[in-house]
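Let me begin by presenting the structure, written as structure tokens, before commenting on it.
The values are calculated or read from the model by the stated rules, or taken from the named source; none is laboratory data. Keep in mind that this is a model prediction, so the values were computed, not measured. No Cβ is skipped: glycine too gets one built from the backbone with ideal geometry, and neighbour counts run over all protein chains shown.
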Amino acid sequence: MTTHIFGIRHHGPGCARALEAALAALAPDIILLEGPPEADDVIALAADPAMQPPVALLVYPNDAPQHGVFYPFAEFSPEWRAIRHATARQIPLWFMDLPPTHGFAEQMAADATREASSDGDHTPELDAPAADAVTPAADAGPDVAADTLQRWRMDPIGELSRAAGYDDHETWWEIEVEQRRDARELFAAIAEAMTALREHAPEPGLREARREAHMRSKIREAQKAGHQTIAVICGAWHVPALQQMPPAKDDTALLKGLPKTRVSATWVPWSDDRLAFESGYGAGVTSPGWYRHLWQSPDQASLRWMTQAARLLREAGLDASSASVIEAVRLAESLAALRGAALPGLAENREAMLSVLCHGQTSPMDLIRQQLEIGYRIGAVPAHTAAAPLQRDLEAQQKRLRLKPSTESKLLELDLREDSGRARSRLLHRLQIIQVEWGQRRHDSNRTGTFRESWTLKWDPELVVRLIAASRYGNTIEAAASHALCEQARNGADLPGLTAMLDDAVLAQLPVAITVLLGCVQTQAALAADLSHLMEALPPLVNVARYGDVRGTQADNVLPIIMALVERITVGILPAASSIDEAAAEALIQHIDSVQTALDTLDHTDLREDWFDSLRRLAALDTTAPAVRGFALRLLFDRQQIDAEALARQASLALAPGNPPAESAGWLTGLLRGSGLLLLHHDTLWHTIDHWLGQLDHDTFRERLPLLRRAFSGFTRPERRQMGDKVRHLGQTQAATPADDALDHVRAAQVVPTLLALIGP
């Protein structure tokens, strides 16, 4: 009976090639692999031809899928080569890491404790990922968090690189392992190096100690089962701990009494960019595309890499000739020779590309980095892989609607007059409701005013976890989205929240949810006493009533609710606008503006007339906040409800010398809100404001200047420039009238700083 321990680095092509050769020579009758034991039952799927890396094992607690962790594999991962070796020869393979179920149970218990805590204070747990960790998410519980914080974790590869004289912590491993051709003594050398490093490293924390104890217990289990040739594959750091086996009772004591929870495991597609360090995945590689290239093309790797880069640049419309490729290869080989490397690595190839192919420009190099060094490849798993019905429904719809998931951001333009456009929009809106944000709706698209809709699509493999979490709502995307909205509606959402959800339900075409939400909205609208809630609720309802039919949704039932809301708003707005401070007035103005926009969109004559009557009363009532009076007057004038003469008369009254300057400034702020065209096109109003400003004493003017500056700050730069021209023109006209009155440049220069402070540069 013999046990052979192979220390590897995750996602290393050289290590994978050496391990594959070592396993073929050893011919073990069992393989023990660092990984989650809960996934033992799904290992056999790796032999299916439909399984195309990159893929990942997903292990998650049944009661809290959001805590699930991923164990990714690329085709060049040593673990993947070991799995394929075992499945091809039909020998058993056991995962031997500490089962994630313990960490899940501790995490869920911690969550429950935080939720039950009355003070709500919480410091997030910190668990630094191990240098050879497989999962992107740590699974340590609260009992080991403090222990982890107090311990320093050595970076073994970085230490070896520094000992060899390299500044970069990856260079040594790249040269000595990934580019190595003769790997017969590789694993013995790795074991020797790690043993030396661990002699000078701190003792492992509790979590690491438990992990290694569980690995040793699985080795003993395999020996006890009678296996004669045992291959143990683990992160290089763990090799010394598995070679020196302590008494079994010590490991048993470490593992005794750990909590558990129900756990499920399955395979999911993964992506190249999620393998990269840049994604935040702790055990990733800087350039998965380069490592795949080394795995697939070990001979003449530099020449073929440069050729691919040149092809990519030519496809982007950039010049990259064959002569440049040859020159770049020679430069990379020269750099490698100068640095004492047998072959050019990624650093040498990158520098040669930047100098020769990219002519020193960083933008083409960024393209090579994203498209070639990292890539957008997404793996695939067999159709019969265990998955939530919700996930299968999404896959079927993606296929039917020809929406292939990609980790590259892509713009999707939809025409809602077409069946395919409405179907795609419907799917994306439903996914947003269940928080599977595959698509982000572009804010610059005018959804309500056109038949077009714009989305940015980018698939993240971790969205699978959200699909699993949303499975509690239903087995199809439609059912899950509908039930999710109904649950939120019945959990006491306020009126604005309900109307926003109703808008979402219409966009997603969820008739069951629409019926439930309409009932809730009607009930809340009848009971709501807060005017701001009523005004916030109106715009989403108007969207439903005005544009619901674009998506084939009948929204006639919404109009009676809108009419009732507008009636209550018109009755309540007068008292709400009386005797309020400046902050409350600003908030009310924003609500008034949104109501006006909604009613303009609805274009219902009776409702608009009732609303305009309310605005007239607001503009005329002395107790109304000055800014609200001014804004109401502006809305009436812009919609041709009053003429220029009436506007000038109101301005003369509001800016009369007997009125307090603070009230006049507030009224003017409301009147000028939004656009300066009113001043530019109406000289009477211009002169009225000019006269009022001229009547203010120096101290009052300086006191009111910030408020006036705020009124002018919303004007566009062209509008402010035209105002400056108008001031100059009027000044020239007045100066030309009395022939003997010349312009006093000294006095005029004194006015310029104040004008600049008022209207801006």
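One table, with the values for the structure above:
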quantity	calculated
Hey, residue 57 in contact (Cβ under 8 Å) with a residue 40 or more places away in the chain, among the aliphatic types (A, V, I, L, M), buried (at least 23 other Cβ atoms within 10 Å of the Cβ) and closer than 18 Å to residue 233 by Cβ or not	yes
Among (1) at pLDDT 85 or above; (2) closer than 23 Å to residue 68 by Cα; (3) basic (Lys, Arg) - the single one residue 274 does not satisfy	(1)
Flag for residue 665 being assigned by TED's automatic domain parsing to the domain that holds residue 589, farther than 21 Å from residue 599 by Cα and modelled with pLDDT under 85	yes
Criterion (over 14 Å from residue 458 (Cβ atoms) and either within 20 Å of the chain's Cα centre (by Cα) or not aromatic (Phe, Trp, Tyr) (or both)) met by exactly one of 403, 431, 412, 394	394
Elements of type helices (runs of 4 or more DSSP H) contained in region 335-430, each with 2 or more residues being modelled with pLDDT under 90 and farther than 28 Å from residue 170 by Cβ	389-400
Yes/no for residue 542 being of a type outside the set (Phe, Trp, Tyr) and at pLDDT below 85	yes
Some residue of region 61-73 being of a type in the set (S, T, N, Q), on the phi > 0 side of the Ramachandran plot and surrounded by fewer than 18 Cβ atoms within 10 Å (Cβ to Cβ)	no
Some residue of region 339-349 being touching a strand residue (DSSP E or B) at 6+ places or on another chain (Cβ under 9 Å), under 24 Å from residue 288 (Cβ atoms), surrounded by 20 or more Cβ atoms within 10 Å (Cβ to Cβ) and among the small types (Gly, Ala, Ser)	no
Qualifying positions in region 620-674 - within 16 Å of residue 580 (Cβ to Cβ) and acidic (Asp, Glu)	622, 663
Odd one out for residue 299, checked against (1) in contact (Cβ under 8 Å) with a residue 12 or more places away in the chain; (2) outside any helix (DSSP H, G or I); (3) among the charged types (D, E, K, R)	(1)
Boolean, residue 46 is surrounded by fewer than 16 Cβ atoms within 10 Å (Cβ to Cβ) and either out of contact with any Pro (no Cβ under 7 Å at 6 or more places or on another chain) or at pLDDT below 95 (or both)	no
Wholly within region 585-655, helices (runs of 4 or more DSSP H) carrying at least 2 residues that are closer than 13 Å to residue 667 by Cα and polar (S, T, N, Q)	644-654
Selection count, region 173-212, where residues are free of Cβ contacts under 8 Å to residues at least 60 places away in the same chain and either in a helix (DSSP H, G or I) or small (Gly, Ala, Ser) (or both)	13
So residue 230, is it over 29 Å from residue 104 (Cα atoms) and at pLDDT 95 or above	yes
Some residue of region 279-288 being assigned to a helix (DSSP H, G or I) and either under 30 Å from residue 392 (Cα atoms) or not β-branched (Val, Ile, Thr) (or both)	yes
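Listed here are the residues, each with its yes/no results for (1) buried (at least 22 other Cβ atoms within 10 Å of the Cβ); (2) modelled with pLDDT under 85; (3) not small (Gly, Ala, Ser).
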residue	(1), (2), (3)
560	no, yes, yes
563	no, yes, yes
573	yes, no, yes
578	no, no, no
584	no, no, no
596	no, no, yes
609	no, no, yes
612	no, no, yes
623	no, no, yes
